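S.K.: The structure follows.
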Ligand SMILES: Nc1ncnc2c1ncn2[C@@H]1O[C@H](COP(=O)(O)OP(=O)(O)O)[C@@H](O)[C@H]1O
Ligand SMILES: [Mg+2]
C-alpha cells in the first residue's frame, strides 16, 4: 500500500511537472478567472480485472494534456473489489481533489456511495446503475451519472425489438447476474405491455459459458432475440444461433461491440447482431470527433477509442469548463454549475437532469459480415425518466461485465 | 431426438476439455503429489499464447504463424513453461503439507492470471480455428466441427498419454516415482527431471485444451478457470487414480451438465457437475473407479 | 571399492551412527550385523546418499558426497532398501524394467531372464502388481530389480526381515549365487545366515563397530555376537524372524 501511495505521488508529481511545462508554453491559456481544478480518476488500466482497460486513463490524460495548467490531473488505480475501491477513494480524498471521476463498475461505487456522498466532492460515475441516480438509494447531490441509465437502455432495446424489428415472438437470454437480471426485467416489462408480443423462450447462462447449445436451440421459432450478456457468451451464442439455423436479429447491449471487436463474431452472426454503445467515435462524421479520434490514437499507440475514452475525456473537459464558468472550485458551486450547464463533448451533449444523469443518448450499432461497425439508430432518453423499478437492495452485485462498465 | 444429439455432443465436448484438465491434474499429482490449481489458468495462458503466435507480428515480432503450426508451437511453449513452473513454484513445495500446496498453487493461478492481464490486456480476444463456422449434421442436429475436433483430439491425446504411461520407460519411471520417490531414486530414476517433464506435459495438455476451447467464443482471463473446476471434479470422480478413471469422470461431468442440465432445472445446470462431485465425495470418497482408499485432500 | 572413514549420521539430537570405519573390497561379501536401532540402515542410507553424514565415504575412489542418489546408482552402487519397497502399483515385470534405469550400458548386468531364472518363483508372477505379492516374493523383486541395474556393489538392508525361515533360507541360497558375481554389503540381524554368506563381518551396536573379523572368526564367537544382539545364542538367532 505504501509503495502504491508513493507511486501515485510520483505520478502526481510527474503529471504536475508536465502540466507546469505545458502551462508555461501556453501562458495565459488558463485565463484570468479560471482556477486550476484538481481532478482524480479512479480506474485501473492494467491488471487482471475486466475493468482494467486503458480507455479511461488515455481519454482523461488527453484532456488534461490539452488543458495544461487549468487542471491538475492524476489517476489512482482502483481495483475491482469494494474494499480496494474504498482504499482508492480514501487515497483520492487525502489529496483533496476538486472532482473525482471514478469506478468502472457500479459494484464499486454502490458499495461506498455513502462515503462519496459524505465527502461532498463532485463525483462522476463511470457506471450507471439506476441505484446511483440522485434520488436513488445510493445517489446524492454530488454524484453525477455520465452515462444513460442501464435500465433505460434496456428498455430502449426492447422497444426497438418490438417497434423497429416488428418482432412478435421473442427469445430472451439473460446472463445470471445483475446485468442480465436487471436488463431482462426491464425488457420483459416492455414485452408484456406490447400487444401481440410473446416471449417464446427465456434462458439464462453463466458469465463463463462456452457452450449455449440448449439456449440457442430454445430460440427456434423466435423472430428476434434480446440478450443481456457478457462479451464471451455473446460470441458463443451468436455463433451457435447460426450453427443451429436460427437466423434472426439478435440484440444485445455494450458487450456486443466487444464481442465483435474481439473477432469472435463474424459473418451472419455479426450481421444479425445489434449492440448499444453510448457513442461510437470512430464512425462519427463530425470533423471535431474525427480529429479527436486521431489525437486519441496519438496517445494510445494507435488503439482506436471507444465510448468510454470519449466520456473520460469529456468529463475532464466538462469539469474544467464548469470551474471556469463558476470561477471557483468550491464543491457546492461546481455542483450547482454542472447541474445547470450544457456541455458539447465528443461522445454526447451533456446536460444534467433532475436525476443527475448527464448523457441522454445512445447508439444502436450493427456490423457487416467483416465485423465493421456502423450506427444504425440513435436512442434518445427523456430527462428525468427512469424505466423499470429501482432495485431496493443497496448490496452491490459482486460480478462485473468485462471491459465495458456494466452499469 | 435432434436436441438430444446436440446436447450429447455439447456434453462430450465439454467433458473432453474437462478430461484434458483432469489428466493434467493427475499427471502432476502422480508425479509430484501436487494438485495444481493453476491448471485452469494454464488453459487460459495456452489460448493467449496461441493468439500471440498466430496474430499480428507473432511472437517477438517474428511474424505470425499459420494456425496449425502456431498451435504446435504453442503446445511446445506451454511444455517449456510447465517445466519452468515446476522449478520455480512447485519444487520448493515437495513434502509440504497439502494445505500449503493448495494455497500456493492457487496463488500461482492468480499470479498467472495477473501476468496474462498485464501482458495481453483484459479486452476479449479471439483465436481462430481452421474449422471456424463449419458444422456437421448428425440426426438432424447441427454440431459445430470445432466440438467434434475437441472430442477427436482429446481421444487421441488421452490415448497417447495412456500409452505413454503404460508402455514406455518414461511412464514406468513416472509411476514408480509417484509410488515411492526415494526408491525410484535408488533405482537411478531422475525424479526431479521427471517431475519437470510431468509438469511440462500437464501444461502442454492445458495448452491443447486452451487451443481447442478458445475458438468457441472469445478469450478472456476467465477462459480456463471453469474447466479447472470441472477438471478437478472429474479427477475427484476418478478418485485421482487412473487416467481412464478421470477421463470417464470428465465425460460424466460434461454429460451431466449439458444433457441433464439441458432438460431439468436448466438455470442450475452449471451446478450439476459439482453436485455430482459432492455426492461422490460423500458416498465414495475414493472415487467411482478406484479400488481401495485414497487420502482425502 | 567402498571405504567408510569416521562416518557419523545424526537426526537432530539422535546420533544414529557415531563414527564407523568399514571397507568392502572387490569380490568380497561383508556383513554388517547389529540389533534394532544400531544404525545399520542409517549407514546404508548414508552410503547411497539418502541421508547426510559426516566423515568420508568413497566408492571406487569417488567421494560419495559428490554423487546424487541416482548418480551413485548409475555408477553401480545399488541399494536394496529396508522393507523391500517394491513399487506396489507396478507389475513385477515393470519393477524390473524400472530397475534397468541405472544400468547405463554395464554389460555384466543381469538380464531380466537371468533374474527370472534365479528367482524361478517370480516367472509366473510377471504381470502381478507389486502390492499383491507375499513378503518373500517382494524381496525377490527388490533384489531382482537391483540385479538388472548391473550392480558393482549391492547394499542389502535386512533381506530376511519378516520372512519365514524356509523362505529366508532359499533367499540366502540365491544370495550366495549372486555373491559369486557381485560384491555385497549385507546388513542383517540374522547372524547365522549372514555369516554363511559373508567373508567378513562387523558388528555394530549403538552406532559403533564393536567387533569385526572374518566370518570364521565371528562364527567361532557366536555367543559374543549374540549377546551384542541381545539375543539367546545361536539357535535363537537362526529361527529369529527379526520382528523384535
Ligand atoms: N529419520 C529418522 N529420524 C530420527 N531418528 C531416526 C531416523 N531414522 C533412524 N533414526 C534413529 O537412529 C537410530 C538408528 O536407526 P537405524 O539406522 O534405522 O537402525 P537399524 O537399521 O540398525 O535398526 C535409531 O535410534 C533410530 O530411532
Ligand atoms: Mg534397519
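S.K.: Every residue in the stretch A:187-236 that is assigned to a loop (DSSP other than H, G, I, E, B) and within 14 Å of another protein chain (Cβ to nearest Cβ), please. Steps first, answer last, please.
M.R.: Pass one, the stretch A:187-236, residues assigned to a loop (DSSP other than H, G, I, E, B): A:194-197, A:206-212, A:219-223, A:229-230.
Result: A:206, A:207, A:208, A:209, A:210, A:211, A:212, A:219, A:220, A:221, A:229, A:230.
S.K.: Can I ask one more? Does the stretch A:286-296 contain any residue that is within 14 Å of chain B (Cβ to nearest Cβ) and surrounded by 23 or more Cβ atoms within 10 Å (Cβ to Cβ)? Please lay out each step first, then the result.
M.R.: Taking the stretch A:286-296 as the starting set, the residues that turn out to be within 14 Å of chain B (Cβ to nearest Cβ) are none.
No, because not a single residue in the stretch A:286-296 is within 14 Å of chain B (Cβ to nearest Cβ) and surrounded by 23 or more Cβ atoms within 10 Å (Cβ to Cβ).
S.K.: From the set of residues in the stretch C:83-114 that are under 22 Å from residue C:157 (Cβ atoms) and assigned to a helix (DSSP H, G or I), which is farthest from ligand 2 (Cβ to nearest atom)?
M.R.: C:100
S.K.: Kindly check whether there is at least one residue in the stretch C:92-110 that is free of Cβ contacts under 8 Å to residues at least 60 places away in the same chain, within 9 Å of chain B (Cβ to nearest Cβ) and within 16 Å of ligand 1 (Cβ to nearest atom).
M.R.: No.
S.K.: Something else: Look through B:261, B:249, B:245, B:231 and report the one residue that is within 8 Å of chain A (Cβ to nearest Cβ) and not in a loop (DSSP other than H, G, I, E, B).
M.R.: Working: B:249 fails: within 8 Å of chain A (Cβ to nearest Cβ); B:245 fails: within 8 Å of chain A (Cβ to nearest Cβ); B:231 fails: within 8 Å of chain A (Cβ to nearest Cβ).
When all the criteria are applied, what remains is B:261.
S.K.: Related question: Looking at residue C:34 and the list (1) within 16 Å of ligand 2 (Cβ to nearest atom); (2) buried (at least 24 other Cβ atoms within 10 Å of the Cβ); (3) at the interface with chain B (Cβ under 9 Å from one of its Cβ atoms), which single condition is not satisfied?
M.R.: (3)
S.K.: Given the condition touching a residue at least 12 places away in the same chain (Cβ under 8 Å), away from ligand 1 (no atom under 16 Å from the Cβ) and in a helix (DSSP H, G or I), answer yes or no: does some residue in the stretch C:148-162 qualify?
M.R.: Applying the first criterion (touching a residue at least 12 places away in the same chain (Cβ under 8 Å)) to the stretch C:148-162 yields C:148-162.
This time we only want the ones that are away from ligand 1 (no atom under 16 Å from the Cβ), so: C:148-154.
The next check asks that each one be in a helix (DSSP H, G or I); those that pass are none.
No, the stretch C:148-162 contains no residue that is touching a residue at least 12 places away in the same chain (Cβ under 8 Å), away from ligand 1 (no atom under 16 Å from the Cβ) and in a helix (DSSP H, G or I).
S.K.: Being surrounded by 16 or more Cβ atoms within 10 Å (Cβ to Cβ), facing chain A (nearest Cβ under 10 Å) and not in a loop (DSSP other than H, G, I, E, B) is the filter here, so list the residues in the stretch B:112-145 that pass it.
M.R.: B:112, B:113, B:114, B:116, B:117, B:125, B:135, B:141, B:142, B:143, B:144, B:145
S.K.: Still on this structure, please answer the following. Could you tell me whether any residue of the stretch A:244-253 is assigned to a helix (DSSP H, G or I) and modelled with pLDDT under 95?
M.R.: Residues of the stretch A:244-253 that are assigned to a helix (DSSP H, G or I), as a first pass: none.
No; the residues of the stretch A:244-253 include none that is assigned to a helix (DSSP H, G or I) and modelled with pLDDT under 95.
S.K.: Still on this structure, I have one more. What is the number of the single condition among (1) closer than 30 Å to residue C:91 by Cα; (2) more than 11 Å from every other protein chain (Cβ to nearest Cβ); (3) in a helix (DSSP H, G or I); (4) without any contact (Cβ under 8 Å) to a residue 24 or more places away in the chain that residue B:96 does not meet?
M.R.: Unmet condition: (3).
S.K.: From the list C:44, C:50, exactly one residue is under 30 Å from residue C:211 (Cα atoms), within 16 Å of ligand 2 (Cβ to nearest atom), within 12 Å of another protein chain (Cβ to nearest Cβ) and out of contact with any helix residue (DSSP H, G or I) (no Cβ under 9 Å at 6 or more places or on another chain). Which is it? Can you show your working first?
M.R.: Working: C:50 fails: out of contact with any helix residue (DSSP H, G or I) (no Cβ under 9 Å at 6 or more places or on another chain).
The match here is C:44.
S.K.: How many of the residues making up the stretch C:35-82 are in a strand (DSSP E or B) and away from ligand 1 (no atom under 16 Å from the Cβ)?
M.R.: Total meeting the criteria: 7.
S.K.: Moving to a separate point now. Test residue B:195 against the stated conditions and say whether it is within 14 Å of chain C (Cβ to nearest Cβ), under 30 Å from residue B:281 (Cα atoms) and crowded, with 24+ Cβ neighbours inside 10 Å.
M.R.: Numbers: within 14 Å of chain C (Cβ to nearest Cβ): yes; under 30 Å from residue B:281 (Cα atoms): yes; crowded, with 24+ Cβ neighbours inside 10 Å: yes.
Here the answer is yes, as residue B:195 does meet what is asked.
S.K.: Of all residues in the stretch C:23-32, how many are within 14 Å of residue C:205 (Cα to Cα) and more than 10 Å from ligand 1 (Cβ to nearest atom)? Walk me through how you get there before you give the answer.
M.R.: The first filter runs over the stretch C:23-32 and keeps only residues within 14 Å of residue C:205 (Cα to Cα), leaving C:31-32.
Next cut, more than 10 Å from ligand 1 (Cβ to nearest atom) only: C:31.
So the answer is 1.
S.K.: Exactly one of these conditions fails for residue C:89: (1) at the interface with chain B (Cβ under 9 Å from one of its Cβ atoms); (2) within 20 Å of the chain's Cα centre (by Cα); (3) surrounded by fewer than 20 Cβ atoms within 10 Å (Cβ to Cβ). Give me its number.
M.R.: If we test residue C:89 against (1) at the interface with chain B (Cβ under 9 Å from one of its Cβ atoms); (2) within 20 Å of the chain's Cα centre (by Cα); (3) surrounded by fewer than 20 Cβ atoms within 10 Å (Cβ to Cβ), just (2) comes out false.
S.K.: Going by the structure shown, is residue C:19 more than 16 Å from ligand 2 (Cβ to nearest atom), at pLDDT below 95 and under 16 Å from residue C:209 (Cα atoms)? Walk me through how you get there before you give the answer.
M.R.: Details: more than 16 Å from ligand 2 (Cβ to nearest atom): yes; at pLDDT below 95: yes; under 16 Å from residue C:209 (Cα atoms): yes.
Taking the combined requirement at face value, the residue satisfies it.
S.K.: Moving to a separate point now. One residue is enough: does the stretch A:272-279 have a residue meeting the conditions within 14 Å of another protein chain (Cβ to nearest Cβ), in contact (Cβ under 8 Å) with a residue 24 or more places away in the chain and surrounded by fewer than 22 Cβ atoms within 10 Å (Cβ to Cβ)? Step through it out loud before you land on a result.
M.R.: From the stretch A:272-279, those within 14 Å of another protein chain (Cβ to nearest Cβ) are A:272-273, A:275; that's our starting set.
Applying the additional criterion that residues be in contact (Cβ under 8 Å) with a residue 24 or more places away in the chain yields A:272-273, A:275.
Retained after the next criterion (residues that are surrounded by fewer than 22 Cβ atoms within 10 Å (Cβ to Cβ)): A:272.
Checking the stretch A:272-279: at least one residue is within 14 Å of another protein chain (Cβ to nearest Cβ), in contact (Cβ under 8 Å) with a residue 24 or more places away in the chain and surrounded by fewer than 22 Cβ atoms within 10 Å (Cβ to Cβ).
The values are calculated or read from the model by the stated rules, or taken from the named source; none is laboratory data. Everything numeric here is computed off the predicted structure, so don't read it as measured data. Methodologically, a virtual Cβ is constructed for each residue, glycine included, from the backbone with ideal geometry; neighbour enumeration extends over all protein chains shown.
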